[in-house]
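J.: Below you'll find the structure I mean.
The values are calculated or read from the model by the stated rules, or taken from the named source; none is laboratory data. Because the structure is a prediction, the values reported are computed rather than measured. Cβ placement follows ideal geometry from the backbone for every residue including glycine, while neighbour counts extend to all protein chains displayed. Quick note on the areas: whole protein, heavy atoms, side chains included, nothing else; ligands and nucleic acids left out. Shrake-Rupley method; radii C 1.70, N 1.55, O 1.52, S 1.80 Å.
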Amino acid sequence: MRSLAFLLLVALASAKEYERCELARVLKAHGMHGYYGTSLADWVCLSYYESRYKTTAINHNRGGSTDYGIFQINSYWWCDDGQTPGSKNGCHISCSEVLTDDISVAITCAKRVVRDPQGIEAWVAWKNNCKNHDISSFVEGCGV
């Protein structure tokens, strides 16, 4: 438990808030455009509404789980925070790993989530704010 608290403090000390186009370029470089039928605009929109592009975003849920990082990876289903009873840890990672400026682990986990039957609809913020909306502005002017 102490090591998780330490890792969280280290992650928070190196907080990064991506710029919209910067994030779009990073996501494109990691193969997110077209991944399981998604677009870069989907991912940038999702990240905006989930975390406002902040790598260290943490949100506690009513059911006892917590969401972590730029994609708000859930501690019950996808990562282990050492605090959520019955964690499934579908990405086989510690939740602290998605709280860093290098979002490679978060991207790998997001790819795992989107391969699940729910797909990108696993993210409520995407369903509520991005689905069936014109989200082209999220990548407009980014050259991606």
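J.: So, in the stretch 14-68, of the ones that are surrounded by fewer than 20 Cβ atoms within 10 Å (Cβ to Cβ) and assigned to a strand (DSSP E or B), which residue ends up farthest from the chain's Cα centre (by Cα)?
T.: It comes out as HIS60.
J.: Right, another one. Return a yes/no flag: does the stretch 59-71 have any residue that is aromatic (Phe, Trp, Tyr), on the phi > 0 side of the Ramachandran plot and at pLDDT 95 or above.
T.: No; the residues of the stretch 59-71 include none that is aromatic (Phe, Trp, Tyr), on the phi > 0 side of the Ramachandran plot and at pLDDT 95 or above.
J.: What are the pairs with Cβ atoms under 7 angstrom where one residue, in the stretch 39-53, is under 22 Å from THR66 (Cβ atoms) and in contact (Cβ under 8 Å) with a residue 24 or more places away in the chain and the other, located anywhere, is buried (at least 23 other Cβ atoms within 10 Å of the Cβ) and of a type in the set (Gly, Ala, Ser)? Sequence gap at least six, or different chains.
T.: TYR53/SER47
J.: Looking only at the stretch 97-144, how many residues end up being over 18 Å from GLY37 (Cβ atoms), among the charged types (D, E, K, R) and open to solvent by 70 Å² or more (accessible area, probe 1.4 Å)?
T.: Summing the residues that are over 18 Å from GLY37 (Cβ atoms), among the charged types (D, E, K, R) and open to solvent by 70 Å² or more (accessible area, probe 1.4 Å) in the stretch 97-144 gives 3.
J.: Which pairs have Cβ atoms under 7 Å, sit 6 or more apart or on different chains, and link a residue in the stretch 88-112 that is in contact (Cβ under 8 Å) with a residue 40 or more places away in the chain and assigned to a loop (DSSP other than H, G, I, E, B) to one that is open to solvent by 40 Å² or more (accessible area, probe 1.4 Å) and polar (S, T, N, Q)?
T.: The qualifying pairs are THR100/SER14; ASP101/SER14.
J.: Any chance the stretch 117-126 includes a residue that's touching a Ser or Thr at 6+ places or on another chain (Cβ under 8 Å) and either outside any helix (DSSP H, G or I) or at pLDDT below 95 (or both)?
T.: No: the stretch 117-126 contains no residue that is touching a Ser or Thr at 6+ places or on another chain (Cβ under 8 Å) and either outside any helix (DSSP H, G or I) or at pLDDT below 95 (or both).
J.: Here is a follow-up. Within the stretch 69-80, is there a residue that is open to solvent by less than 60 Å² (accessible area, probe 1.4 Å), touching a Ser or Thr at 6+ places or on another chain (Cβ under 9 Å), farther than 17 Å from LEU23 by Cβ and outside any loop (DSSP other than H, G, I, E, B)?
T.: Looking for residues that are open to solvent by less than 60 Å² (accessible area, probe 1.4 Å), touching a Ser or Thr at 6+ places or on another chain (Cβ under 9 Å), farther than 17 Å from LEU23 by Cβ and outside any loop (DSSP other than H, G, I, E, B), one finds at least one in the stretch 69-80, hence yes.
J.: Looking only at the stretch 79-98, decide whether some residue is touching a strand residue (DSSP E or B) at 6+ places or on another chain (Cβ under 6 Å) and of a type in the set (A, V, I, L, M).
T.: Taking every residue of the stretch 79-98 in turn, at least one turns out to be touching a strand residue (DSSP E or B) at 6+ places or on another chain (Cβ under 6 Å) and of a type in the set (A, V, I, L, M).
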